Structures are given as structure tokens and as C-alpha cells.
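J.: This structure is in C-alpha cells; I'll ask about it shortly.
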Amino acid sequence: MRAETDGNPAGADGTSPRVVVVGGGVAGLTAALRLLDAGAAVTLLEASERLGGKLRTGDIGGVRVDLGAESMLARRPEAVALAREAGLAGALQPPATASAALWTRDALRPMPKGHVMGVPADPASLAGVLSEEGVARIAEDRTLPRTEVGEDIAVGEYVAARVGREVVDRLVEPLLGGVYAGNAYRISLRAAVPQLFAAAREHTSLTEGVRAIQARTAVADPRTDPVFMGIDGGVGRLPQAVADTVRARGGRIRTGTPVTGLARTPGGWRLTTGTPAAPEALDADAVVLAVPAPQAARLLAAELPAAAADLAEIEYASMALMTFAFRAGEAALPQGSGFLVPPVDGRTVKAATFAGRKWRWIAEQEPGLQIVRTSVGRHREEEMLGRDDAELLDLARRDLRTATGVAAEPVDAHVTRWDQGLPQYPVGHLARVARVRDQVAGARGLAVCGAAYDGVGIPACVASATEAARQVLAPRPEGDPASGSSGHAGE
């Protein structure tokens with residue numbers, strides 16, 4: 001096996017520490033950037049030939065579109081700040097419209113106002129979305145005894161106990177499904193909707209808790225600027241822009257370089273890359289693992305078996321996007337940015353976005369086309385993804401026709417599959433993450449980051465990577481057994 005030092009000096013003698021980042025998604029690229037800012041010599045290794053992870057653009061009918069995430073939460077500053085730092089300040093663009101609908105009970109109905117992840121403060125806006133019995137059930141919330149949430153509870157379990165299953169099935173499920181592609185009756189309230197978890201501990205009534213959240217938000221953050229932000233040319237531009245910035249600041253990026261092994265050495269870490277027939281070894285003072293949980297588990301199995309076992313327990317959901325280009329004159333879409341679909345209605349698609357209406361930059365490329373994105377796939381309900389592309393496109397078009405009346409033939413269509421793309425946050429997720437981080441913290445010069453830990457959105461991944469970069473370069477207190485002063489690193 002050939003060992004590669006990458007030409008960088010060791011960090012132990014006061015020179016720049018050598019850090020390897022494993023994973024070239026937005027988390028890994030952010031970690032590389034922050035490490036360079038701190039003076040480290042950085043090499044990023046990406047197994048595939050493409051950077052960006054779940055952020056990707058492509059052409060549909062000659063129109064550039066996002067084939068992964070299409071927007072960033074702007075009320076959290078991390079992702080927008082990263083885009084500006086990477087030279088995309090002038091490309092940031094809010095949605096042209098954000099008025100989504102629910103396709104439920106055989107009609108497109110306006111998304112109710114004044115809710116927190118689907119939980120309403122005022123049931124008056126729910127006519128047509130809920131049955132009369134469902135609306136009446138919400139009023140019982142004020143008369144019920146406190147629902148104990150303990151250390152954690154499923155979103156669906158808590159909300160159903162307070163305001164009834166209809167609120168979960170027709171409001172909470174489609175909203176959570178759009179974020180996690182998961183099941184509200186499994187997803188952790190504490191991890192996925194922490195403000196509701198805090199309200200559940202403070203208030204007996206859920207609806208009172210929602211009103212309190214809204215009141216605090218209005219006082220603490222009275223801004224009227226956009227909640228979400230996109231990028232002209234696609235959010236998929238962000239990873240390449242960050243990669244260009246990493247290279248400009250002296251970082252090295254190697255694609256097509258899977259990491260197959262990770263082992264501690266007296267001075268830090270040794271990573272194994274290449275093929276079994278021709279392996280390479282890369283030595284580093286520190287390592288940041290910015291890969292999905294299953295890959296991190298495999299790499300940590302030998303050195304940190306307890307952390308690896310916890311990581312291996314994190315499940316993922318697969319999904320697919322079916323993107324269509326219709327001639328504008330043949331596709332009279334309803335108003336708004338699209339619609340969500342409650343699973344209880346039994347449709348194929350779980351959401352549709354009228355992308356050409358939502359984003360000005362898409363409409364301006366080709367005004368004669370309408371771009372529509374649809375999605376399928378939920379955790380443990382993914383049998384639909386076993387169908388071939390042609391059948392998925394046919395099923396999605398059938399649902400679009402039923403929901404919107406658009407029966408036109410598309411001029412182009414494309415299926416993008418994200419296998420094992422979204423980590424699930426079940427009850428107990430934060431406790432599992434805490435155990436992993438405790439184990440990793442005991443190993444000098446090692447950190448983990450990405451969507452599997454603190455949130456699946458782009459800002460959460462950026463924040464996770466920034467913290468990981470800080471951790472691997474943080475000095476250890478004198479005498480700390482993880483400081484390496486006793487000999488073998490981390491022991």
C-alpha cells in the first residue's frame with residue numbers, strides 16, 4: 001500500500017494541520033471552506049464523479065431546473081450567507097409566489113393560514129380540509145388533561161392526542177412528508193418540530209401553544225423578508241460555487257475517490273482509498289466525515305464500534321422526482337406555487353410544484369414552457385419506486401390531470417431518483433446523535449456532520465459542517481487522554 005502525505009506538513013510541529021474531509025456534498029464542502037479559513041491544509045475526497053450530493057441541476061425541455069432541493073430556508077442565515085460568500089449574492093432570488101394548496105377530498109384547497117407544521121391555531125380556516133367532526137375535535141384540546149411528552153414523542157402521536165387524527169393525516173403528514181419523506185407517527189417531535197416540543201412542556205393546550213409560538217415569533221422576528229430563497233440557475237449551483245471557493249483558497253478536491261478504510265495512527269488518522277488491488281493510504285492530522293450515516297458507520301466500525309452501531313440504525317427514505325415541461329398554451333395551471341397531497345387520500349404523487357410559476361428565473365428562460373415537478377416516495381412506503389421511469393411518469397401525469405385538469409402531452413420529462421436520500425428522525429433520534437457525538441468527541445481530530453444529525457435542510461447542514469470544522473481543530477486541554485499526549489492518538 002502506498003502512503004500519500006499530500007505534500008502538506010504535519011500539524012504537530014506548529015505548521016498547518018492536514019485535514020481530510022470525506023464527502024463532497026454541501027456539508028463536506030462547507031467543512032473544507034471553514035477549515036481553510038482556520039489555516040488548515042485541506043483535501044476533500046468524494047466517492048462519485050460529481051460534487052453536490054442531493055443538490056443538482058439539469059435540463060428539461062432546454063430549461064435549466066433543479067433536480068434536487070430547490071430552495072433554502074432564508075430565516076436561518078447559514079445557507080444564504082454561504083451562497084454570498086461563494087459569489088452568488090446577485091443570484092439569490094425569493095419565490096415569485098409561495099401560496100401552496102392541498103389536494104385533498106378531490107379538490108385543490110388553499111393551505112390554511114396560521115399553523116405550525118400543520119397544527120392550526122384557529123380551526124375556522126379548516127372548512128373543506130377537515131370534516132365537521134375533525135374541526136369540532138380541535139375544540140376538545142382545551143378541555144383535555146396534559147399529554148405527557150417525556151424525553152420525546154412522535155409528532156403524530158402527540159398532535160392526534162390533542163386535536164385528533166384528521167389534523168395529522170390531512171395537514172401534518174403532507175407538510176412533514178415534504179421535508180422528511182417520512183411518517184408523522186414515527187417522526188420525533190423534539191427533533192423535527194422543536195418549538196412544538198417546547199410548547200408541549202409549557203402549555204397543556206396545543207392550540208394555545210401554537211398561538212404562543214406565533215406571538216413569540218412575531219415579537220422576536222418581525223421581518224417581512226422571504227422565508228425561503230432560491231438561486232438563479234438553481235440551488236444546484238451552490239456546491240460548485242463553494243468548490244470553486246475552496247480551490248481558490250488552496251484546498252484540494254478529488255472526485256472519484258471512495259474512502260474504504262479509516263484507522264487511528266500515533267499522529268492522527270490514515271485513510272484508505274483506491275481499489276483493493278491498488279489501495280492508497282492518505283495520512284491526516286484530522287478527519288471530518290461528511291457522508292450519510294451508513295457510510296460513516298462502515299468507516300467507524302473498527303475504531304468506534306458503539307458510534308458505528310448507532311449510525312447504522314439511522315434509516316433513510318428513497319424518493320423520485322418526475323419533472324415535466326409542457327407548452328404553456330396547453331397547460332393552464334391553477335394559481336399558486338403547487339400543492340401537497342395527504343397520504344390518506346391514496347394518490348401516487350405526494351407533492352407538485354409549478355416551478356415555472358414559483359421561480360422567475362425558470363420562467364424567464366423559456367416563457368413558452370411550463371415546468372412542473374412532482375414527487376413520490378415515503379419511508380417504508382417505497383414500493384412505487386420499483387416501477388420503471390415510463391410508468392412513474394404516466395402515474396404522475398394521471399394525478400396532475402386529475403388535480404389540475406392539464407391533459408397535454410409534455411414536450412419533455414425526466415425522472416430523478418434519490419435512493420436512500422433522506423435520513424429519518426424517529427423518536428429518540430437526538431439521543432442517538434448525542435451518543436454518536438460523545439463517542440466521536442473522544443477521538444482526537446475527528447468529527448461528523450451532515451443531514452443525519454441536526455436537520456435535513458441546507459442551513460442545518462451548513463451549520464453542522466461549521467461546527468465539525470471547529471471541533472477537529474479545537475485544542476485539547478493538557479492531560480486530556482484524547483490529546484495524544486499519552487502516545488497513540490485518541491487512546
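J.: Sort through THR272, THR265 and tell me the only one that's closer than 15 Å to ARG18 by Cβ, of a type in the set (Ser, Thr, Tyr) and more than 22 Å from the chain's Cα centre (by Cα).
T.: THR265
J.: Here is a follow-up. For segment 70-85, which positions are out of contact with any helix residue (DSSP H, G or I) (no Cβ under 8 Å at 6 or more places or on another chain), among the basic types (Lys, Arg) and in contact (Cβ under 8 Å) with a residue 12 or more places away in the chain?
T.: ARG75
J.: Name the strands (runs of 3 or more DSSP E) wholly inside segment 251-301 in which the number of residues that are of a type outside the set (Lys, Arg) and in contact (Cβ under 8 Å) with a residue 40 or more places away in the chain is 3 or more.
T.: Those strands (runs of 3 or more DSSP E) span 259-265, 268-274, 279-284, 286-289.
J.: For segment 22-30, indicate whether the set of residues that are on the phi < 0 side of the Ramachandran plot and either of a type in the set (Lys, Arg) or surrounded by fewer than 19 Cβ atoms within 10 Å (Cβ to Cβ) (or both) is non-empty.
T.: No, segment 22-30 contains no residue that is on the phi < 0 side of the Ramachandran plot and either of a type in the set (Lys, Arg) or surrounded by fewer than 19 Cβ atoms within 10 Å (Cβ to Cβ) (or both).
J.: Ok, one more. Hey, can you tell me all the residues within segment 90-109 that are outside any loop (DSSP other than H, G, I, E, B) and surrounded by 15 or more Cβ atoms within 10 Å (Cβ to Cβ)?
T.: ALA91, LEU92, GLN93, ALA100, ALA101, LEU102, TRP103, THR104, LEU108, ARG109
J.: Tally time: how many residues in segment 73-89 are assigned to a helix (DSSP H, G or I) and small (Gly, Ala, Ser)?
T.: Number of matching residues: 4.
J.: Give the residue, chosen from LEU262, LEU289, that is in contact with an Asp or Glu (Cβ under 7 Å, 6 or more places away or on another chain) and either under 23 Å from ALA452 (Cα atoms) or of a type outside the set (Phe, Trp, Tyr) (or both).
T.: LEU262
J.: For residues that are surrounded by fewer than 18 Cβ atoms within 10 Å (Cβ to Cβ) and farther than 17 Å from PHE339 by Cα, scanning just segment 111-124, find the one that is farthest from the chain's Cα centre (by Cα).
T.: This residue is ALA124.
J.: Shifting gears a bit: I'd like the full set of residues that are outside any strand (DSSP E or B) and within 25 Å of the chain's Cα centre (by Cα), limited to segment 402-427.
T.: GLN424, TYR425, VAL427
Read-outs throughout are calculated quantities, based only on the coordinates presented, and are distinct from any laboratory measurement. Quantities reported herein were computed from a predicted structural model and do not represent experimental measurements. As a convention, Cβ positions derive from the backbone with ideal geometry for all residues, glycine included, and neighbour counts pool all protein chains shown.
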